[in-house]
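**Q** I'd like to ask you about the structure that follows.
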Amino acid sequence: MPAAEQVSSARMVMAMAGIGILSGILLVATYIGTLPAIERNKAAALERAIFDVIPGGASKVTFARDGEKLRPLAEGEAAAVRYHAAYDEDGALAGVAIEAQGQGFADVLKVLYGYSPDCRCIVGFKVLESKETPGLGDKIETDSAFTANFEALDVSLDESGGAIANPIVFAKPGQKSQAWQIEGITGATISSKAVTRILHESTADVVIFLERNLQVLRDGSSSSLVAKSN
Amino acid sequence: MAAPAASLQKVTEASSADTFLKGLWEENPVFVMLLGMCPVLAVTNSVINALAIGLASTFVLLLSSTIVSLAQKLIPKQVRIASYILIIASFVTVTEYLLQALSYEIHKALGAFIALIVVNCMILGRAEAFASRNSVGKAALDALGMGAGFTLACLSLGSVRELLGNGSLAGIPVFGPNFEPWIIMILPPGAFFVLGLWLLLFNWLRERREAQVE
């Protein structure tokens, strides 16, 4: 390459600054232009997941947890701990979707599960985020025998109402005998144990809390914040 | 480095069709120049992912080559690389937002690899070696050809890996329920195996053709 002719520093700075300013304008325009669609996509993905884990859900209200109290959240409002109550066609509480997370085999596993106060059991389960090994650990999402664990997983409270009568435990593949056991998957032992642990820890606190605030949840369907499924 | 100089000489005299076609075969960024290996190996575990990363890279390559070619007189030589990276990074971020707006699922599947298009040396390489020395039309054609070659290569890997590792093509089961997936193919080692076999095939075909010419 021939030697570049001498260029003043001012021209270099101007060229860089010019490109920088144009890039900035382009990025801001794209961000503003795509933001509504991106937020819509995220909300739709969460909504689909909620109605996936609560069979019979037709509308939902999201609640925030403030210490020992529940309050309905306005749309778009953020909260540290959220529970999504789903209601059936008649406005009766069909279940509550709860987000939980914990260490999986690779990175953090984020899951969503549905709790039904009628059967006092978990009625649905979905992995929101995972980096489990494709073909092995990700069987927690795809294996139908494993997902069948969450059709009616017993988490009923004991007589005092202060603890779960039979906390969720892990069972080896083919050895599930109780309604509160999660049957593991061959080839995905660590991932299925991780799911068991996440649900065990989450339900120990959340189910008791939800049972105490059941009336608030049931009344939620009459609030003005109900979002219909579409 | 006699070979690139010779091919550059050839490029300057090439017709529009050749400018486009050389990216597909003669100078295929993946199979011949071995550029952009990171996304090629990392996200080609399914046809859909391979297609998405290929098209996203092509989009960034086309836009940044066009802009680099348009601005070739305005950018002083001393700061050209920094300027190219700034231009490329901007279009990558634009692509990331657009993809997120189009499909949340595909964006999630590709993870950090959309952002990593910035450091795909194929794009910086074309900006430096071609777009900054040629007219806008030629730069755009070259970018389209290289992008098509890159997408084709990603698809070649993605289809073989998904077929063997998951028994499906673009999510549609091919082999029926009794097929035992060859899981290693959708794991990182599978990427190296499949790439190695494609390179073997490409080199064998080229050597055979060269032998015939002689």
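**Q** Looking at (1) among the aliphatic types (A, V, I, L, M); (2) under 30 Å from B:Ser90 (Cβ atoms); (3) under 13 Å from the mean Cα position of the chain (by Cα), which one does A:Leu27 not meet, given that it meets all the others?
**A** The single condition A:Leu27 does not satisfy is (3).
**Q** Now for a different question. Considering only residues of region A:180-195 that are free of Cβ contacts under 8 Å to residues at least 60 places away in the same chain, surrounded by fewer than 22 Cβ atoms within 10 Å (Cβ to Cβ) and in a helix (DSSP H, G or I), which is nearest to the chain's Cα centre (by Cα)?
**A** A:Lys193
**Q** Mind counting the residues in region A:85-106 that are out of contact with any Pro (no Cβ under 8 Å at 6 or more places or on another chain), of a type in the set (Gly, Ala, Ser) and more than 30 Å from A:Leu136 (Cα to Cα)? Steps first, please.
**A** Pass one, region A:85-106, residues out of contact with any Pro (no Cβ under 8 Å at 6 or more places or on another chain): A:85-92, A:97-106.
Keeping just the survivors that are of a type in the set (Gly, Ala, Ser) gives A:85-86, A:91-92, A:97, A:100, A:102, A:104, A:106.
Those still in the list that are more than 30 Å from A:Leu136 (Cα to Cα) too: A:85-86, A:91-92.
Going through region A:85-106 one residue at a time, the tally reaches 4.
**Q** I would also like to ask the following. Under 8 Å between Cβ atoms, at least 6 apart or on separate chains: pull out the pairs that start in region B:87-110 with a residue that is more than 8 Å from chain A (Cβ to nearest Cβ) and in contact (Cβ under 8 Å) with a residue 60 or more places away in the chain and end on any residue that is of a type in the set (S, T, N, Q) and in a helix (DSSP H, G or I).
**A** Taking only residues 6 or more apart or on different chains, the pairs are B:Ala109/B:Asn49; B:Leu110/B:Asn49.
**Q** Follow-up question, since we're still on this one. Taking the stated definitions as given, is B:Val79 over 17 Å from the mean Cα position of the chain (by Cα) and either in a loop (DSSP other than H, G, I, E, B) or within 8 Å of chain A (Cβ to nearest Cβ) (or both)? Walk me through it before giving the result.
**A** Details: over 17 Å from the mean Cα position of the chain (by Cα): yes; either in a loop (DSSP other than H, G, I, E, B) or within 8 Å of chain A (Cβ to nearest Cβ) (or both): yes.
In short, yes.
**Q** Tell me which residues, restricted to region B:44-76, are aliphatic (A, V, I, L, M) and more than 12 Å from the chain's Cα centre (by Cα). Please lay out each step first, then the result.
**A** Step one: of region B:44-76, the residues aliphatic (A, V, I, L, M) are B:47-48, B:50-53, B:55-56, B:60-63, B:67-68, B:70-71, B:74-75.
Once the filter is applied, which keeps residues that are aliphatic (A, V, I, L, M) and more than 12 Å from the chain's Cα centre (by Cα), region B:44-76 yields B:Val47, B:Ile48, B:Leu63, B:Ile67, B:Val68, B:Leu70, B:Ala71, B:Leu74, B:Ile75.
**Q** Oh, and also: Please specify each residue of region B:169-188 satisfying the condition of being of a type outside the set (A, V, I, L, M), away from every other protein chain (no Cβ under 12 Å) and surrounded by 11 or more Cβ atoms within 10 Å (Cβ to Cβ).
**A** B:Pro173, B:Phe175, B:Phe179
**Q** Over 27 Å from A:Ser222 (Cβ atoms), assigned to a strand (DSSP E or B) and among the basic types (Lys, Arg), is that true of A:Lys110?
**A** Numbers: over 27 Å from A:Ser222 (Cβ atoms): yes; assigned to a strand (DSSP E or B): yes; among the basic types (Lys, Arg): yes.
Spelling it out, A:Lys110 is indeed over 27 Å from A:Ser222 (Cβ atoms), assigned to a strand (DSSP E or B) and among the basic types (Lys, Arg).
**Q** Can I ask one more? Starting from region A:38-63, take each residue that is within 14 Å of another protein chain (Cβ to nearest Cβ) and closer than 23 Å to A:Asp90 by Cβ and list its partners that are of a type in the set (Asp, Glu) and crowded, with 18+ Cβ neighbours inside 10 Å, counting only C-beta distances under 7 angstrom and pairs at least six apart or across chains.
**A** The qualifying pairs do not exist here.
**Q** To continue, here is another question. Spot the failing condition for A:Ser229; the list is (1) modelled with pLDDT under 85; (2) more than 28 Å from A:Glu75 (Cβ to Cβ); (3) in contact with an Asp or Glu (Cβ under 8 Å, 6 or more places away or on another chain), and only one is missed.
**A** (2)
**Q** Among the residues of region A:165-179, how many are surrounded by fewer than 20 Cβ atoms within 10 Å (Cβ to Cβ) and under 22 Å from the mean Cα position of the chain (by Cα)? Talk me through it step by step, then tell me what you get.
**A** To start, the set of residues in region A:165-179 that are surrounded by fewer than 20 Cβ atoms within 10 Å (Cβ to Cβ) comprises A:165-167, A:169-179.
With the extra rule that they be under 22 Å from the mean Cα position of the chain (by Cα), the set shrinks to A:167, A:169-170.
Of the residues in that region, 3 qualify.
**Q** While we're looking at this one, here's another question. Given the criteria β-branched (Val, Ile, Thr), surrounded by fewer than 16 Cβ atoms within 10 Å (Cβ to Cβ), modelled with pLDDT under 85 and more than 22 Å from A:Ala85 (Cα to Cα), does A:Thr142 qualify?
**A** Details: β-branched (Val, Ile, Thr): yes; surrounded by fewer than 16 Cβ atoms within 10 Å (Cβ to Cβ): yes; modelled with pLDDT under 85: yes; more than 22 Å from A:Ala85 (Cα to Cα): yes.
Judged against the criteria, A:Thr142 is a match.
**Q** Further question on the same structure: For region A:41-99, give me each residue that is among the acidic types (Asp, Glu), under 27 Å from A:His200 (Cβ atoms) and touching a Leu at 6+ places or on another chain (Cβ under 9 Å).
**A** Those that are among the acidic types (Asp, Glu), under 27 Å from A:His200 (Cβ atoms) and touching a Leu at 6+ places or on another chain (Cβ under 9 Å): A:Asp52, A:Glu99.
**Q** Another question about this same structure. Within region A:5-21, work out how many residues are of a type in the set (A, V, I, L, M) and either loosely packed, with under 13 Cβ neighbours inside 10 Å or more than 8 Å from chain B (Cβ to nearest Cβ) (or both). Outline the logic, then answer.
**A** Let us first name the residues in region A:5-21 that are of a type in the set (A, V, I, L, M), namely A:7, A:10, A:12-17, A:19, A:21.
Cutting the leftovers down to either loosely packed, with under 13 Cβ neighbours inside 10 Å or more than 8 Å from chain B (Cβ to nearest Cβ) (or both) gives us A:10, A:13-14, A:17, A:21.
Final tally of qualifying residues: 5.
**Q** Let me ask something else. Can you pull out every residue in region A:22-36 that is loosely packed, with under 15 Cβ neighbours inside 10 Å and over 21 Å from A:Lys60 (Cβ atoms)?
**A** Selection gives A:Gly24, A:Ile25, A:Val28, A:Ala29, A:Tyr31, A:Ile32, A:Gly33, A:Leu35.
**Q** Filter region A:36-51 down to residues that are more than 19 Å from A:Leu217 (Cβ to Cβ) and either of a type in the set (D, E, K, R) or over 14 Å from the mean Cα position of the chain (by Cα) (or both), then give me how many there are.
**A** Number satisfying all stated conditions: 8.
**Q** When you go through (1) within 8 Å of chain A (Cβ to nearest Cβ); (2) without any contact (Cβ under 8 Å) to a residue 24 or more places away in the chain; (3) buried (at least 18 other Cβ atoms within 10 Å of the Cβ); (4) not polar (S, T, N, Q) one by one for B:Leu74, which number turns out not to apply?
**A** The number of the failed condition is (3).
**Q** Would you point out which residue out of A:Ala78, A:Ala58, A:Ala94 is over 11 Å from the mean Cα position of the chain (by Cα) and crowded, with 20+ Cβ neighbours inside 10 Å?
**A** After applying the criteria, what remains is A:Ala94.
**Q** For region A:147-164, give me each residue that is part of a loop (DSSP other than H, G, I, E, B) and surrounded by 16 or more Cβ atoms within 10 Å (Cβ to Cβ).
**A** First, pick out the residues of region A:147-164 that are part of a loop (DSSP other than H, G, I, E, B): A:151-152, A:155-156, A:158-163.
The one that is part of a loop (DSSP other than H, G, I, E, B) and surrounded by 16 or more Cβ atoms within 10 Å (Cβ to Cβ): A:Val155.
**Q** Go through (1) within 14 Å of another protein chain (Cβ to nearest Cβ); (2) surrounded by 12 or more Cβ atoms within 10 Å (Cβ to Cβ) and name the single condition A:Tyr87 misses.
**A** Just one mismatch for A:Tyr87, condition (1).
The values are calculated or read from the model by the stated rules, or taken from the named source; none is laboratory data. This structure is a prediction, so every number in the text was calculated from the model and none was measured. Heads up, the Cβs are rebuilt from the backbone with ideal geometry, glycines too, and the neighbour counts pull from every protein chain shown.
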